[in-house]
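Notes for the one structure printed next.
The values are calculated or read from the model by the stated rules, or taken from the named source; none is laboratory data. Since the model is a prediction, treat every value here as computed from it, not as a measurement. Here the Cβ positions follow ideal geometry from the backbone for every residue, glycine too, while neighbour counts run over all protein chains shown.
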């Protein structure tokens, strides 16, 4: 049989529909709908169900209506629901044998945003920062690399959205852990570091997207070409390092198309050999400290 909903309401229609579905022996169903304080589904919310030992049993995203419905072995579980910009929801749940444990509608409340850095000039702290990239090699395996040498300044404004940043990367510091490949990447076939020794990014457009999410839009100059690029950025907040020094941190990602920067191995493409995919994913983990 299918039991009644747990919580403060009953959904007879769901119970009736599930009554026709044969459950595995010893299993039950856990369901919930996740809404924001205005009663709308929370975009990009995710749920995780763990067992009594803290091991993940099942998890994933929600459907377009903000709901999930999963079949689990009967037993005791811990449910966690999270989304960017919202305080997480956690609850202990019991899934009865051959019944529905339905939590009804659950509300995620906005989380207070992390404190912003103080106004003034901050500089990238390279020891705890990284600029990496991922590309496809001959359409198969992923090649991962990084730039080992870079510097940057962020000028924090009273209004964060009026801030600006300038980052300079030493193109010759590219490192994919393969000397022959790195030499080719530095050559005129690719980055042409003799003619274009730096990669530069300048932005004076910081856009708050809600919670800890920001868009940082600016001009990226690479291989002699300048294009507008937006970094999808997660601001992680302000803290203190091991020596007590103040620092702020963020993660950011963007996707670049090689052809937008005229980076293409024409000699190989002419022979029908696609050595590198058409797009490259760039990932940044950045920590900044007040400029001394």
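State the number of residues belonging to the stretch 244-292 that are at pLDDT 75 or above and outside any strand (DSSP E or B).
Number of matching residues: 4.
Return the residue satisfying two criteria in turn: it lies in the stretch 119-143 and is exposed (fewer than 14 other Cβ atoms within 10 Å of the Cβ) and modelled with pLDDT under 95, and of such residues it is nearest to the chain's Cα centre (by Cα).
Checking each candidate, the answer is 142.
Being within 18 Å of residue 282 (Cβ to Cβ) and part of a strand (DSSP E or B), is that true of even one residue in the stretch 152-163?
Yes, some residue in the stretch 152-163 is within 18 Å of residue 282 (Cβ to Cβ) and part of a strand (DSSP E or B).
Assess whether residue 113 counts as being modelled with pLDDT under 90, under 27 Å from residue 214 (Cα atoms) and not in a strand (DSSP E or B).
yes
Determine whether residue 227 is at pLDDT 90 or above, part of a strand (DSSP E or B) and under 19 Å from residue 117 (Cα atoms).
The answer is no for residue 227.
Within the stretch 34-51, count every residue that is in a strand (DSSP E or B) and surrounded by fewer than 19 Cβ atoms within 10 Å (Cβ to Cβ).
5
Consider residue 80 carefully, then state whether it is outside the structural domain of residue 152 (by TED's automatic domain parsing), more than 12 Å from residue 33 (Cα to Cα) and either modelled with pLDDT of 95 or more or outside any strand (DSSP E or B) (or both).
yes
Could you check, for the stretch 51-65, whether at least one of its residues is outside the structural domain of residue 212 (by TED's automatic domain parsing) and touching a residue at least 60 places away in the same chain (Cβ under 8 Å)?
There is no residue in the stretch 51-65 that is outside the structural domain of residue 212 (by TED's automatic domain parsing) and touching a residue at least 60 places away in the same chain (Cβ under 8 Å).
From 210, 239, which residue is over 30 Å from residue 292 (Cα atoms) and under 23 Å from the mean Cα position of the chain (by Cα)?
After applying the criteria, what remains is 210.
Would you mention how many residues in the stretch 187-199 are crowded, with 17+ Cβ neighbours inside 10 Å and outside any loop (DSSP other than H, G, I, E, B)?
1
Go over the candidates 207, 217, 230 one by one and state the one that is free of Cβ contacts under 8 Å to residues at least 60 places away in the same chain and in contact with a helix residue (DSSP H, G or I) (Cβ under 9 Å, 6 or more places away or on another chain).
207
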